[in-house]
1. Which percent of the accessible area of the stretch 1-114 is formed by carbon and sulfur heavy atoms (probe 1.4 angstrom)?
2. Let me know the Kirkwood hydrodynamic radius for the stretch 424-529, please, with Cα pairs as the basis and the value in Å to one decimal.
3. To the nearest 0.05, how large is the calculated FRET efficiency for Ile66 and Asn358 if R₀ is 45 Å and r is the Cβ-Cβ distance?
4. Treat every Asp and Glu Cβ in the stretch 32-146 as -1 and every Lys and Arg Cβ as +1, leave all other atoms uncharged, and give the resulting dipole magnitude about the Cα centre to the nearest 20 debye.
5. Hey, any idea what % of the stretch 424-529's accessible area is carbon plus sulfur with a 1.4 Å probe?
6. Could you tell me which residue out of Gly525, Val482, Val498 lies farthest along the dipole of the stretch 424-529 toward its positive end? Charges go on the beta carbon: Lys and Arg +1, Asp and Glu -1, centred on the Cα centre.
7. Quick check: residue separation of Met495 and Ala473 times 0.36 nm, minus the Cα distance between them. What number comes out in nm?
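The values are calculated or read from the model by the stated rules, or taken from the named source; none is laboratory data. All values derive from a computational prediction rather than experimental measurement. As a convention, Cβ positions derive from the backbone with ideal geometry for all residues, glycine included, and neighbour counts pool all protein chains shown. The area values use the complete protein model at the heavy-atom level, side chains included, leaving out ligands, DNA and RNA. Shrake-Rupley method; radii C 1.70, N 1.55, O 1.52, S 1.80 Å.
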Amino acid sequence: MVGAGGIGCELLKTLALSGFPDIHIIDMDTIEVSNLNRQFLFRQSHVGQSKAKVARDAVLKFRPHINITPYHANVKDPEFNVDFFKQFNVVLNGLDNLDARRHVNRLCLAANVPLVESGTTGFLGQVTIHVKGRTECYECQPKPAPKTYPVCTITSTPSKFVHCVVWAKDLLFAKLFGDKNQGNDLNVRSSDGASSSENVEDVFERRKDEDIDQYGRKIFDHVFGYNIELALSNEETWKNRNRPKPIYSKDVLSDDLAQQNGNLEKNCVCDDELSVSAMTSLGMKNPQDIWSLRENSKIFLEALRLFFTKREKEIGNLGFDKDDQLAVEFVTAAANIRAASFGIPLHSLFEAKGIAGNIVHAVATTNAVIAGLIVIEAIKVLQNDIESCRMTYCLEHPSRNMLLMPVEPFEPNKSCYVCSETPLSLEINTNRSKLKDFVEKIVKAKLGMNLPLIMCASNLLYEAGDVEDDMIAIYEANLEKVLAELPSPVTGGTMLIVEDMQQEFVCSINIKHREEFDEEKEPDGMVLSGWTQPVSATENKDKSVGNGASTSDAVVTAVESEKDEEISIVSTLKKRKLPDETDISSATAEEVKHQKQLEVIDDEDDLVMLDGDLDSFKKRRLS
């Protein structure tokens with residue numbers, strides 16, 4: 001087992017009760033308070049301890065005669081190599097991120113061990129089976145990628161509340177409390193911004209003699225007032241848009257009220273820094289209330305004050321954490337004030353936290369159902385009955401009187417670069433792009449390699465991991481060179497071999513030189529072909545969702561609506577085969593034609609929507 005979280009707890013219990021005698025479980029996480037409502041093997045006293053070890057101890061209390069080996073470690077650690085995976089009959093995933101899933105998929109392929117994948121989000125869930133040479137691997141089809149927004153939309157022309165949350169979290173919070181040396185687009189304004197560069201450069205630096213309340217008001221007036229006025233000076237931008245309204249602290253709060261904001265320390269007595277709360281200071285209790293502009297302004301100033309008075313040592317190293325109450329309060333207030341400026345509806349702290357933290361509220365029952373389905377498929381694998389294996393989708397509402405929709409596994413995708421070793425093609429400017437760009441943007445980000453080795457012909461250009469000291473300096477120097485100037489030049493027509501020794505995964509990349517790229521559509525400055533590119537959220541949203549008789553159509557509509565406001569949720573489109581029409585006596589031809597299916601790719605995380613005209617589905621039997 002990989003993962004001892006929401007699915008993992010249910011899975012370990014079900015495996016033990018089903019008679020599995022020898023189970024190994026890997027999880028790098030420790031138990032948090034927020035886990036306790038659904039990860040039933042854990043208790044309050046276990047907070048801070050290893051999930052894998054506590055889960056083992058809990059299960060052994062009612063099944064003391066089985067063998068459970070826990071590993072409090074990252075599955076990507078070197079010790080969990082191909083030889084480690086070869087000792088198992090089947091691998092069961094209950095992971096919560098795409099990168100680890102891809103890593104386990106490749107190790108299972110290399111070790112020739114069947115993999116059972118799973119995921120849940122709310123009432124939706126899925127179990128898929130992956131057997132080398134018999135079914136598609138986990139990477140045969142596109143997977144969602146984090147949703148991104150153009151910087152200009154976030155900094156200048158927000159139209160949705162999610163834009164305001166991204167601005168508050170990734171720009172303003174990072175600017176005030178994060179690493180000062182990191183680049184930040186918060187001050188990138190209009191073309192005449194240079195004339196006010198002095199103001200822009202100095203405003204976020206707090207002077208030694210500057211009162212915290214004065215500093216708070218200065219920040220408020222700069223980001224919600226001055227910057228908006230500066231944006232308004234570009235008339236061209238607002239020809240077809242609603243003009244935002246600058247907001248200054250004096251217009252929202254009286255001087256007396258602002259001073260009162262700075263004298264509430266007696267209301268905030270917290271030993272735990274993560275429990276410091278502006279809401280508590282101001283006597284506000286319900287996180288589901290939608291605050292007024294005045295209340296948001298008070299929260300903004302109070303949260304800023306508390307960071308500088310109660311948590312000053314952390315400033316400069318802080319990153320947003322959805323479990324950090326003060327951080328969530330600050331981001332919620334800042335996002336709401338900005339939303340008010342741009343005429344966007346305000347949201348509660350509960351809603352803003354869900355958006356900022358990409359939270360999909362978990363349902364314990366879904367995890368239990370999915371865990372049971374995993375065990376059913378694992379038993380089929382152990383009996384070598386691959387023909388009977390099914391991918392199963394758990395729906396929110398019955399479709400054709402079924403909540404569980406079984407689908408035959410698919411054949412391997414012949415163009416999959418992971419399990420079919422199909423060469424890839426990369427368009428890149430070999431005279432401008434450095435080897436470092438290739439490693440970070442392609443090899444690691446898109447191909448998911450952890451310890452890559454890059455070869456051109458018989459020459460080794462780069463190697464990560466355990467490298468001899470005399471080679472480290474050479475590889476680091478190569479990283480800073482443009483591709484065409486490497487010791488073995490990489491130009492148009494060059495074939496690169498990229499390998500991850502830990503994953504025992506190799507792929508070939510044919511280089512095509514290209515001079516120019518569209519900065520908005522191709523921000524990486526390079527385009528990889530043959531790699532399964534995720535479908536953008538915008539493209540998927542444009543696909544119509546019918547209002548046919550099938551109840552699952554309504555589910556898709558509702559889920560898509562919920563997901564629309566989340567930051568790193570991207571839907572992707574993929575055709576899937578349903579059972580034969582002849583097997584569905586209760587379904588009309590029209591219902592079948594418009595049937596939608598759901599695929600969840602992460603445990604309590606992302607949702608993939610599978611949409612397509614079933615008339616075009618071709619039946620693919622496994623040999």
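1. With neighbouring chains kept in place, the figure for the stretch 1-114 is 47 percent.
2. Evaluated over the stretch 424-529, this radius sits at 13.9 Å.
3. Values: r = 36 Å, r/R0 = 0.80.
According to the calculation, E is roughly 0.80.
4. Taking the Cα centre of the stretch 32-146 as origin, the dipole is about 280 debye.
5. Ligands and nucleic acids excluded, carbon and sulfur give 48 percent.
6. My answer, from the dipole projection, is Gly525.
7. Working it through step by step, the gained length comes to 5.5 nm.
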